[in-house]
Every structure is written in structure tokens, then in C-alpha cells.
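Visitor: Have a look at this one before I ask anything.
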Amino acid sequence: MNVPVKDRIKVIQADITKIEADAIVNAANSSLLGGGGVDGAIHRAGGPEILEECRKIAARQGGCQIGEAVITTAGKLPARYVIHTVGPIWYGGTQDEPEKLANCYRNSLKLAQENNCQTVAFSNISTGVYGYPKPEAAHIALSETVAFLQKNPLPEEVTFVCFDEENLRLYQELTQASGTPK
Ligand code: AR6
């Protein structure tokens, strides 16, 4: 069965802690030890098991670099795993931010695939306190995901879980545009 790539991408507005996917993707920081925003919400709702695993990973490899991703249990969440990726802070585009953000999506999808995840739900990495302009971030998220899905059967489905109206509108516009690759 060959489902077109555009039918393997969904856009919804929701709280990602409520999503039943094989993996949800957290917008973490390089310490992996928690923070505010979606990171805070995931650790609060998922319970201490997630932080325990993050601590072990941090002790072993010294945290997580920008653009890289690590995977843990999802604790009490309805998802199976949490993939933690570290987005770039926006410095006006002078610090290779687009390439770093693209790496977040690429490496998270690769890790999901390696862990046999059929469904993955992304938060809008870097678009909160890290200040990445939302239109550019949405474009990168979608183009990296389309490119990955075109080459790989897994994950079968990727959902972009938008929290705010602006991201929802942007993702809807970009996925409904007539030029979306099939
Ligand atoms: N479900 C889905 N999306 C959410 C939720 C939620 N429950 N809560 C917020 N968002 P941010 P960043 C959206 O700031 O910019 C943390 O302190 C939010 O609307 O969480 O990558 C980390 O520890 C926004 O669009 O992440 C880091 O230090 C998106 O999630 C730092 O923030 C990302 O916003 C990472 O900053």
C-alpha cells in the first residue's frame, strides 16, 4: 500500500500531552532536565520517570546538542515514547538556525523510525521562548518531514500538534497549498 505523503501528514490544535501516538516530540533544552512551555507540560503530566531517564542520558552523554534528539519512556502519558529534541534559539538567522531546526526534525524522525514508531506527534519546536519566527519554522518542519516520508515508510503518520492559533493557521495553509508534494 502506497499512501501519498500528503495523506501521512496531519495538523491539529491540541495539548500534546493528551496525544496517543507512538512518540511525541518535546521541545527540550540541552540540559534535558526540564523547563517551561511544552517541556514543563510533558514532565508534569508524564511524571518523574521521564526525568529519571533524561538524567541518565545527560549523565552518560552530557545532555543533548542543538539539533540532536534522544528518546525516553513517556511515563504516565498516553504516548509510548517521548523524543526530546533541542531547537535553536533564534538569533536573527545568524547562527545557522534553519539548518539546526531542520536537524531537529530529521533526527527526531530517524529516532522514531529506529524505534519502530508508526505514529509521531511534533510540537512546534523553537517557536515559543526560543523565538524562532513561526512561518519559517513551519516551512522547515513541513519540508523536512515531507522529504523524510518520501524516502521512508516509517513513521507511517506524522501529526503537527499546534498549540496556538498562529501555528495552526500556518500549518493548515502550508499543507493545503496546491504545491504540497504528493
Ligand atoms: N502542547 C503542545 N504545544 C505546546 C504546549 C502543549 N502542552 N505548551 C506549549 N506549546 P516552547 P521552545 C507550544 O517555549 O521555543 C522550555 O523551557 C508553544 O505554543 O515550549 O523550543 C525548554 O526547556 C510553542 O509553539 O519551546 C527550553 O528551555 C511550542 O510549544 C525552551 O523552553 C514551543 O514552545 C525551548 O523553547
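The values are calculated or read from the model by the stated rules, or taken from the named source; none is laboratory data. Remember, predicted model here, so these are calculated numbers, not experimental data. Please note: Cβ atoms are built from the backbone with ideal geometry, for glycine as well, and neighbour counts cover all protein chains shown. Calculation scope for accessible area: heavy atoms of the full protein, side chains included, ligands and nucleic acids excluded. Shrake-Rupley method; radii C 1.70, N 1.55, O 1.52, S 1.80 Å.
Visitor: Amide H of A21 versus every other amide H placed in the peptide plane: which residues, excluding those fewer than 5 positions away on the same chain, fall under 5 Å?
Guide: A79, R80
Visitor: Report the charge-dipole magnitude of the chain in Debye, nearest 20, computed about the Cα centre from +1 at each Lys and Arg Cβ and -1 at each Asp and Glu Cβ.
Guide: Rounded to the nearest 20 debye, it is 280 debye.
Visitor: Find how much the distance from S143 to E114 grows on full extension, using 0.36 nm per residue of separation minus their present alpha carbon separation; answer in nm with one decimal.
Guide: So the extension gain works out to 8.4 nm.
Visitor: Under a point spin-label approximation (7 Å from Cα along Cα-to-Cβ), what is the Q176-Q61 distance to one decimal in nm?
Guide: 3.9 nm
Visitor: For segment 161-172, what does the Karplus curve 6.51 cos²θ - 1.76 cosθ + 1.60, with θ = phi - 60°, yield as ³J(HN,Hα) per residue in whole Hz, taken in order and with x for Gly and Pro?
Guide: Ordered by residue, 3J(HN,Hα) equals 9, 8, 9, 9, 4, 5, 5, 4, 4, 4, 5, 5 Hz.
Visitor: Still on this structure: Multiply the residue gap between Q13 and E52 by 0.36 nm, knock off their C-alpha separation, and tell me the result in nm, one decimal place.
Guide: 11.1 nm
Visitor: If you don't mind, there's one more thing I want to ask. Taking only protein heavy atoms into account and a 1.4 Å probe, give the accessible area per residue of segment 81-163 in Å².
Guide: Value returned for segment 81-163: 41 Å² of accessible area per residue.
Visitor: Can you give me the distance in nm between label points at T94 and K76, each placed 7 Å from the Cα along the Cα-to-Cβ direction?
Guide: 4.5 nm
Visitor: With n ≥ 4 as the cut-off for DSSP H runs, can you work out [θ] at 222 nm for the chain, using -39500 (n - 2.57) per run divided by the number of residues, rounded to the nearest 500?
Guide: Calculated from helices alone, the mean residue ellipticity at 222 nm is -13000 deg cm²/dmol.
Visitor: Return the inverse of the average 1/r over all pairs of distinct C-alpha atoms in the chain, which is the Kirkwood hydrodynamic radius, in Å to one decimal.
Guide: This gives a value of 16.1 Å.
Visitor: Once neighbouring chains are kept in place and the probe is 1.4 Å, which whole percent of the accessible area of segment 8-177 is contributed by carbon and sulfur?
Guide: Here it works out to 49 percent.
Visitor: Mind checking which aspartates and glutamates have their Cα closer than 15 Å to the Cα of K110? Skip sequence neighbours fewer than 8 apart in that chain.
Guide: Excluding near neighbours in sequence, the set is D22, E68, E144, E156, E157.
Visitor: Relative to the longest principal Cα axis of the chain, at what angle does helix 97-114 sit, 0 to 90 degrees, rounded to 10?
Guide: So the helix axis and the longest Cα principal axis differ by about 80 degrees.
Visitor: Ordering K100, K151 from largest to smallest accessible area (1.4 angstrom probe), what's the sequence?
Guide: Largest accessible area first, the list is K151, K100.
Visitor: Which residue fluctuates the most in the chain, going by a Gaussian network model with Cα springs under 10 Å, if the choices are Y130, Y81, Y105?
Guide: Maximum fluctuation in the GNM of the chain, among the listed residues, is at Y130.
Visitor: When the chain is treated as a GNM, springs tying every alpha-carbon pair under 10 Å, which of N167, N107, N116 comes out with the largest mean-square fluctuation?
Guide: N116
Visitor: Are any of the pairs K6/K151; K10/K100; K18/K151; K76/K100; K76/K151; K6/K76 more than 21 Å apart by Cα-Cα distance, and if so, which?
Guide: From K6/K151; K10/K100; K18/K151; K76/K100; K76/K151; K6/K76, over 21 Å: K10/K100; K18/K151; K76/K100; K76/K151; K6/K76.
Visitor: Could you list which residues have their amide H under 5 Å from that of N29, counting only those 5 or more apart in sequence or on another chain, with H placed in the peptide plane?
Guide: Hits under the 5 Å cutoff: G34.
Visitor: Take the chain, connect every pair of alpha-carbon atoms lying under 10 Å apart with a spring to form a Gaussian network, then pick out the residue of A59, A102, A141 with the largest mean-square fluctuation.
Guide: Per the Cα network of the chain with a 10 Å cutoff, A59 tops the list.
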